[in-house]
Amino acid sequence: MTTILRTRLYGKEATEEEFAKEIVRLRLGDPRKHEAPCNYSQIAKRLGVSRPTVYHFRELAIKLGLLIIQDNKEVLPDHTQKAKEFQRFEADEFMQNPLVQDWVTDMRTRKGGKGIKSWRHNFASLKRLCNTLKINPEQLISDRKTYETILKNLKIELDKGNFDAELAHRTLVFNNNEMTFHTMKMASRNFVQYHGIALPRGIDGISSGKLIGHGKYNDIHLSIEEYDRAKSYLIDKYGLDSDIFRVFVFGVESCARHKAIYNALIDWTEIQANNEITFVMEVIETKTEHLNGGKWKKYIKAQDLQKSLIMAKNKGYTKIHNNLSKRDFDKLSIQLRELYAYLGKDQIHDGYFMRKPFHTLRHIGAQLWIERIGDNSLVCRIGGWHTAKELEDSYGKISEEKFVELLSRIKL
């Protein structure tokens, strides 16, 4: 049923099925949203249509199985049994579930209509959770106790190595059960909270939304010697005037995120201090675009990177790479992984270097700048963190050796 109505549903062109679904929702009420049932006169007034039109779509809803008459009462079909009947969801089929559809619509229109950027990721993660446990979304929102039981069962299945077959080809990414579980859980938390399940801030237990891995990334770093080796390796194999050299060193020195590196322009101003020149560049971090439009200054002191940037600019580049498509740019991950393997980092932290080759650059940069200057407030400005606590929690803190070195400069 795909006929488009001339009458709009809340200002949007609607199919006959969408109109029928809304009439059922209004007629029976929606306890999750604290909406009381409406009579047909109220429905007609709310939707701006005649009562005969409402009755027409009531009959359509019955034909479509959206509404049944039981003991002379209008009731919803029994979804309990339906929820037990597993059907493998393809993306479009999963989206057709009314609960999922409403949730996705909400995610896409939050933040003043701009939506949240993670909606696709959340949708995919919830789908994987349902496929892994062979459940339907209805079961997640029965009540909080049921939801927590589902999460416990999910953790058990992932620990056993059982997960949706769709993920089988992505074992490199999903071999970290803790992160896989956290990703699915956070998507499900978003889903159940939208549908009225209360999960108070700071809640403990299986349904806690606390970030995992905070402060556990001290091993995602390169020493100064390893960083120099990495640059020498790239220069010897690809040359100083190469996309991979510029991307790697710029990513480390700027601590910019993946997309910001890709979009970084060959444009800078020069500031001289203490006989040294610093290139001041600018990137857009879409993750923080709600603050100052996501604009962050980046301070490039590394002379080898400055020389490489000048080479690219002289050749007419507009970006720090040879105007690669996003797809070709992402293929540089192959060269990054080769570099990490050369440095012996391929097995560190459950293969984090290999799983997140671009985001690893931000970790390396954070650790290097902390060791270089030992002042987290300055590192925050360089890398684009809002607070020193955020930097320390997510990327690590100053080493004991560096801390003692800083203390030694203080004369008592």
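The values are calculated or read from the model by the stated rules, or taken from the named source; none is laboratory data. Values in this document were obtained by computation on a predicted structure and should not be read as measured data. We place every Cβ from the backbone using ideal geometry, glycine too, and count neighbours over all the protein chains shown.
Some points to look at:
- Selection from region 238-291 of residues that are of a type in the set (Gly, Ala, Ser), on the phi < 0 side of the Ramachandran plot and out of contact with any strand residue (DSSP E or B) (no Cβ under 8 Å at 6 or more places or on another chain): SER242, GLY251, ALA273
- Residues being in contact with a Phe, Trp or Tyr (Cβ under 9 Å, 6 or more places away or on another chain) and either under 17 Å from ILE141 (Cα atoms) or assigned to a helix (DSSP H, G or I) (or both) - total across region 97-118: 9
- Exactly one residue out of LEU26, LEU67 is surrounded by 15 or more Cβ atoms within 10 Å (Cβ to Cβ), of a type in the set (A, V, I, L, M), at pLDDT below 85 and closer than 24 Å to ASP143 by Cα, and it is LEU67.
- From the options THR269, THR286, THR278, residue that is among the β-branched types (Val, Ile, Thr) and at pLDDT below 90: THR286
- Residue pairs meeting the criteria (Cβ under 7 Å; at least 6 apart or on separate chains; first farther than 14 Å from VAL247 by Cβ, in region 312-330; second modelled with pLDDT under 95 and surrounded by 15 or more Cβ atoms within 10 Å (Cβ to Cβ)): LYS313/ILE266; THR318/ILE266
- Filtered residues of region 130-154 (kept if in contact (Cβ under 8 Å) with a residue 40 or more places away in the chain and either under 16 Å from TYR194 (Cβ atoms) or part of a loop (DSSP other than H, G, I, E, B) (or both)): CYS130, LYS134, ILE135, ASN136, PRO137, GLU138, GLN139, LEU140, ILE141, ASP143, ARG144, TYR147
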